[in-house]
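Here the structure is laid out as structure tokens; the discussion comes afterwards.
Only the coordinates and a few stated rules stand behind these numbers; no lab work does. This structure is a prediction, so every number in the text was calculated from the model and none was measured. When we count neighbours, we look across all protein chains shown, and the Cβ atoms used for this are built from the backbone with ideal geometry, even at glycine.
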Amino acid sequence: MRNKIITSFFCLLLAVSTLAGLLMPDRYYSEREKRTLTQKPKFTVANFISGKFSGELEKYLTDQVPLRDGWVTMKTYTELAIGKRESSGVYLCKDQYLMDKFTSYSKKQLAANAAALADLQEKLAAEGVSMNMILVPMAAQVLTDKLPAHAPVADYAAILQVLTDAGVDTTDVLSALTAHSSENIYYRTDHHWTSLGAYYAYCAWRDIEPNVDEWTQEILCDDFYGTTWNKVPLPTVPAEEITAWYKHINRSVSYNNGQYETDSIYERKYLSGSDQYAVFLNSNQAQTVIEGSGKNGKLLLIKDSYGNTFSQFPVEDYAYYLMDGGIITVNTDTTAMIGKQAEYSCFDSMGTVVEVTTTKD
């Protein structure tokens with residue numbers, strides 16, 4: 001009966017989209033979902049026979065349905081009404097948490113990534129540069145008590161073990177975060193950790209005791225809805241705060257070889273837009289240089305978007321340089337690339353390379 005209700009709903013959705021779509025122009029990008037929408041597929045005999053055309057057409061009709069955001073909300077409520085606790089790849093959890101579903105990954109790709117990181121670590125060590133990887137767990141791997149009953153989650157320890165077996169020097173932040181799982185360490189409506197969660201991870205990496213009273217905490221906005229809410233936009237889930245943590249608010253920052261320079265790691269123009277998390281480090285930039293304190297040496301951070309929040313903390317302790325891991329590829333040529341960037345940022349053999357990335361990446 002449950003499957004019949006869902007099937008009937010999607011049949012109605014596709015029928016309405018087919019009729020109304022003839023009259024309305026296609027949308028290229030969804031601001032709410034932060035992704036490019038599927039465009040009208042090109043018909044060829046080969047694609048039709050292989051079934052590829054029908055698959056692309058279904059995606060196109062689903063993405064381009066008129067009033068799509070309203071349909072997505074209605075779909076979520078329909079699934080809730082029939083007892084489902086997962087929608088659009090998001091777990092609907094206790095305490096109004098919306099967590100990305102992460103149950104599987106490519107073991108082959110993980111092994112290849114681990115080998116590449118081990119190779120990079122070896123080459124850097126030959127130059128007198130230490131390297132460490134911070135493997136960031138997804139919210140569902142930490143806040144397990146909030147998950148729906150019997151909800152599967154990929155094993156963080158198994159992923160970490162592959163890296164350590166390959167010889168990669170890693171920091172296990174799962175235990176540090178789990179110890180504070182009752183606190184606001186992950187957003188309810190977004191897949192990222194909060195500034196508090198990133199701070200606990202930083203303390204675990206530095207092997208120091210947390211002292212939140214040392215930091216100024218400024219609420220940057222209180223109307224934040226993140227990526228997981230955009231997938232399942234339930235009006236009953238409240239907006240959240242984004243908080244900045246700093247000891248010195250002003251820092252000289254240069255992006256992409258001086259293409260843009262400013263005096264803060266917080267780019268507040270984003271707070272009035274649809275991508276408020278981009279307030280940290282001006283969204284994702286290929287290259288960032290921050291004039292940090294330098295009292296503990298020099299640091300190169302290769303990161304994904306979790307590193308943007310994390311970056312608030314080492315800036316108080318290190319002369320600081322960042323590269324976006326979503327834009328560069330870590331391989332046997334990366335050491336040479338880091339060497340070139342090192343000349344620009346005065347990075348030397350007394351420095352440290354850290355990679356911050358999530359288990360899902």
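One table, with the values for the structure above:
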quantity: Additional length obtainable on full extension of the chain from Asn250 to Tyr105, 0.36 nm per residue less Cα span; calculated: 48.2 nm
quantity: The stretch 128-221 shape via C-alpha gyration tensor axes, a/c threshold 1.5; calculated: oblate
quantity: FRET efficiency, Asn257 to Glu58 (Cβ-Cβ, R0 30 Å, nearest 0.05); calculated: 0.10
quantity: Centre separation in Å (Cα based) which lies between the stretch 165-230 and the stretch 266-306; calculated: 16 Å
quantity: Packing-based exposure ordering (other Cβ within 10 Å, fewest first) of His248, His191, His150; calculated: His150, His248, His191
quantity: Distance between modelled label sites at Ser293 and Asp165, nm, 7 Å Cα→Cβ extension; calculated: 4.0 nm
quantity: Residue exposure sequence - Ser104, Ser195 - by fewest surrounding Cβ within 10 Å; calculated: Ser104, Ser195
quantity: Three-way shape label, the stretch 196-279, alpha-carbon gyration tensor, a/c 1.5; calculated: oblate
quantity: Links that overshoot a 19 Å alpha carbon limit, given the list Lys101/Lys360; Lys108/Lys231; Lys94/Lys231; Lys101/Lys231; calculated: Lys108/Lys231
